[in-house]
1. Output the residues belonging to region 34-84 that are under 21 Å from L145 (Cα atoms), more than 13 Å from the chain's Cα centre (by Cα) and of a type in the set (G, A, S).
2. In region 75-97, is there at least one residue being exposed (fewer than 14 other Cβ atoms within 10 Å of the Cβ), of a type in the set (D, E) and not assigned by TED's automatic domain parsing to the domain that holds S158?
3. Among the residues of region 34-50, are any at pLDDT 95 or above, farther than 22 Å from K177 by Cα and not in a helix (DSSP H, G or I)?
4. Could you check how many residues of region 118-133 are within 18 Å of the chain's Cα centre (by Cα) and either of a type outside the set (G, A, S) or more than 14 Å from L164 (Cα to Cα) (or both)?
5. Could you please tell me which pairs satisfy a Cβ distance under 6 Å, a separation of 6+ or placement on different chains, a first residue in region 87-114 that is farther than 21 Å from K15 by Cα and in contact (Cβ under 8 Å) with a residue 60 or more places away in the chain, and a second residue that is in a loop (DSSP other than H, G, I, E, B) and among the aliphatic types (A, V, I, L, M)?
6. Looking only at region 136-148, decide whether some residue is part of a loop (DSSP other than H, G, I, E, B), of a type outside the set (V, I, T) and not assigned by TED's automatic domain parsing to the domain that holds K15.
7. Please indicate, with yes or no, whether at least one residue in region 115-126 is hydrophobic (A, V, I, L, M, F, W, C), under 18 Å from L74 (Cβ atoms) and without any contact (Cβ under 8 Å) to a residue 12 or more places away in the chain.
Amino acid sequence: MKDEELHNLVNEAQKRLTELRLSHWIQHEVLTPQWWFLLVLFLGTWLLWWHLADKRRLFEIGFLGLLIAYLATLLDAAGTELQFWSYHYKLFPLYNRLMTADIALIPVCYMLLYQWFPGWKPFLLAHTVLALGASFAAEPLFMHLGIYQPILWKSYYSFPVYLLLASFTKGMMETVKKRYTKITAPGR
């Protein structure tokens, strides 16, 4: 098969998959109890963050949140594409991802812990508790509600991923802050 033919075949398959996802979402997902749960969780998470966020550090904390949301979305995209897990209910029809977790729950939890625990040791301890809760309480709850289905994934695989994500983003933030402080320091 020629490259052009293969490319067209992939595009047609993608078009059909998008049509099927949209049809399934309209007929079986939107306005179900699970969909409402995801919507309330999404909105409630961001309202809670706005109430609790240190507005004086909004840029710094928001930057960390954007980084976390980006990484969570990339990891979720890879996991769903590789069939490690799937989602039976989604808030948005065209994304085969759990956007409620990727752009609300995970970033907000990480931003708040970053804000509340500035030192490495308390930060890692707090994130260990979060990783345990996310891996062994939240993921099973989403499975029980029929939202999330692991295929090749186990909850205990998630635990180190949550910790590595927290450590990486805190390290990135400290590096950025250190370099930014040097650039903007008085007398330079």
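1. Of everything in region 34-84, just one residue is under 21 Å from L145 (Cα atoms), more than 13 Å from the chain's Cα centre (by Cα) and of a type in the set (G, A, S), namely G44.
2. No, the conditions are met nowhere in region 75-97.
3. no
4. Residues flagged as within 18 Å of the chain's Cα centre (by Cα) and either of a type outside the set (G, A, S) or more than 14 Å from L164 (Cα to Cα) (or both) within region 118-133 amount to 6.
5. Hits for this filter: T100/L91.
6. Yes, region 136-148 has at least one match.
7. no
The values are calculated or read from the model by the stated rules, or taken from the named source; none is laboratory data. For clarity, every value in this text was computed on a predicted model and none was experimentally measured. Cβ: placed from backbone, ideal geometry, glycine included. Neighbour counts: every protein chain shown.
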